[in-house]
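A.B. asks: This is the structure I want to talk about, given as structure tokens.
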Amino acid sequence: MRAEVVAMTGENLDMDAIKKAGDILKAGGLVAFPTETVYGLGGNALDPQASMKIYAAKGRPSDNPLIVHIAELEQLEKITTEIPEGAKSLAEKYWPGPLTMILPKADIVPRETTGGLDSVAVRFPSDRIAQELIKAGGGFVAAPSANTSGRPSPTMAEHVEEDLGDAIDMIIDGGQVGIGLESTIVDFTEEIPVVLRPGYISLEMLQETLGDVRMDKGLLITDSSVHPKAPGMKYRHYAPKADLSIIEGNEEDVVACINHLTDEAVAKGLKVGVIATDETKARYAHADVLSIGSREEEETIAHHLYEVLRDFDDDRVDVIYSEAFYTPKMGQAIMNRLLKAAGHKIINAQEENK
Ligand code: AMP
Ligand code: MG
């Protein structure tokens with residue numbers, strides 16, 4: 001069966017289609033939908049069978065818990081047993097929005113949804129389509145990113161169709177998403193709140209509200225043998241099919257290094273892709289070059305990252321060299337995804353050029 005695709009926008013909702021999608025969720029089916037971060041693959045979070053279907057459709061390991069999406073703040077207390085003051089303040093400040101909080105779970109949330117854990121991840125998305133669908137589907141929608149496990153997250157409905165078109169019931173096409181990287185995850189089950197996944201809401205923004213908050217150690221260490229606390233962050237993720245390396249250093253060194261590596265790879269008969277910026281894209285002569293945007297606009301870089309990785313999959317390149325993007329606000333989130341996509345292969349341009 002091929003998923004039915006319906007198109008709408010947040011300003012122009014198709015409430016008949018939303019009702020139909022909500023009925024699919026209530027009956028235990030799966031519906032992919034846009035959020036402000038990436039497309040989600042939704043199922044009824046309180047139905048263990050629906051969660052199992054999500055894991056099966058994505059090919060996702062079932063110890064990797066799902067985020068439960070709500071569309072009314074009051075719903076939070078129904079699925080958690082304790083909400084610390086810090087979590088309440090963050091909800092007030094950043095919900096609806098790209099923030100997920102981990103809290104102790106109430107009994108109505110099945111362990112199938114939480115990957116066997118006693119805690120539950122909760123998010124209140126700001127996307128209008130997502131909110132209406134969640135309400136129509138009963139109020140609690142488990143929704144991981146709507147990609148096949150291991151592939152880059154989907155930022156357009158076409159990406160969802162490509163990965164899951166044959167495995168789910170319906171896809172709501174709301175156009176391109178706004179942010180393009182998954183939500184920031186904050187864990188409140190420890191004494192001091194911990195960031196398990198960086199995102200649009202940065203550590204600095206969290207510190208403003210919480211005071212004390214730290215990054216999960218597993219995120220800061222580039223050694224992939226140290227496991228992060230969020231079960232999902234340990235898997236090779238977001239990855240393109242080609243062999244991806246990140247080249248870091250100043251612009252001149254990076255351009256020279258990537259050109260040199262490209263020539264070596266081309267001489268071996270390999271097809272090379274380069275992830276460049278508007279400022280550098282004209283300087284790579286012998287590769288397929290995609291610009292991720294201007295270095296001056298970090299939100300554009302975040303927005304295009306997964307799309308560029310998927311475009312290189314379509315181009316069937318063998319090797320990808322990417323510039324690094326340690327931008328001021330979203331750099332942590334962008335580099336977290338890029339490093340995982342590259343399996344932590346990072347090359348220092350200055351060293352390599354010696
Ligand atoms: P995705 O659904 O693709 O956005 O990924 C969800 C992320 O949240 C994964 O990295 C999960 O491991 C993480 N996560 C969800 N629930 C929990 C939880 N209860 N404790 C820790 N991490 C969680
Ligand atoms: Mg995901």
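A.B. asks: Which of the residues spanning segment 294-313 are surrounded by 20 or more Cβ atoms within 10 Å (Cβ to Cβ) and either touching a Phe, Trp or Tyr at 6+ places or on another chain (Cβ under 6 Å) or in a loop (DSSP other than H, G, I, E, B) (or both)?
C.D. replies: Residue satisfying the conditions is Ile301 alone.
A.B. asks: In segment 95-124, which residue that is under 19 Å from Glu82 (Cα atoms) and away from ligand 1 (no atom under 11 Å from the Cβ) is surrounded by the most Cβ atoms within 10 Å (Cβ to Cβ)?
C.D. replies: Leu99
A.B. asks: A further question on this structure: Is one or more of the residues making up segment 227-246 within 16 Å of ligand 1 (Cβ to nearest atom), under 28 Å from Asp216 (Cβ atoms), among the hydroxyl-bearing types (Ser, Thr, Tyr) and within 18 Å of the chain's Cα centre (by Cα)?
C.D. replies: yes
A.B. asks: Kindly indicate whether Ala157 is out of contact with any helix residue (DSSP H, G or I) (no Cβ under 9 Å at 6 or more places or on another chain) and within 13 Å of ligand 1 (Cβ to nearest atom). Can you show your working first?
C.D. replies: Working: out of contact with any helix residue (DSSP H, G or I) (no Cβ under 9 Å at 6 or more places or on another chain): yes; within 13 Å of ligand 1 (Cβ to nearest atom): no.
Taking the combined requirement at face value, the residue does not satisfy it.
A.B. asks: Counting only residues that are more than 21 Å from the chain's Cα centre (by Cα) and closer than 14 Å to Glu323 by Cβ, which one in segment 283-293 is surrounded by the fewest Cβ atoms within 10 Å (Cβ to Cβ)?
C.D. replies: Arg283
A.B. asks: Could you check, for segment 37-46, whether at least one of its residues is within 16 Å of Ala167 (Cβ to Cβ), in contact (Cβ under 8 Å) with a residue 12 or more places away in the chain and surrounded by fewer than 23 Cβ atoms within 10 Å (Cβ to Cβ)?
C.D. replies: no
A.B. asks: Somewhere in segment 179-197, is a residue at pLDDT 95 or above, hydroxyl-bearing (Ser, Thr, Tyr), within 11 Å of ligand 1 (Cβ to nearest atom) and crowded, with 19+ Cβ neighbours inside 10 Å?
C.D. replies: Checking segment 179-197: at least one residue is at pLDDT 95 or above, hydroxyl-bearing (Ser, Thr, Tyr), within 11 Å of ligand 1 (Cβ to nearest atom) and crowded, with 19+ Cβ neighbours inside 10 Å.
The values are calculated or read from the model by the stated rules, or taken from the named source; none is laboratory data. Not measured: the values here are computed from a predicted model. Backbone-built Cβ (ideal geometry, glycine too); neighbour counts: all protein chains shown.
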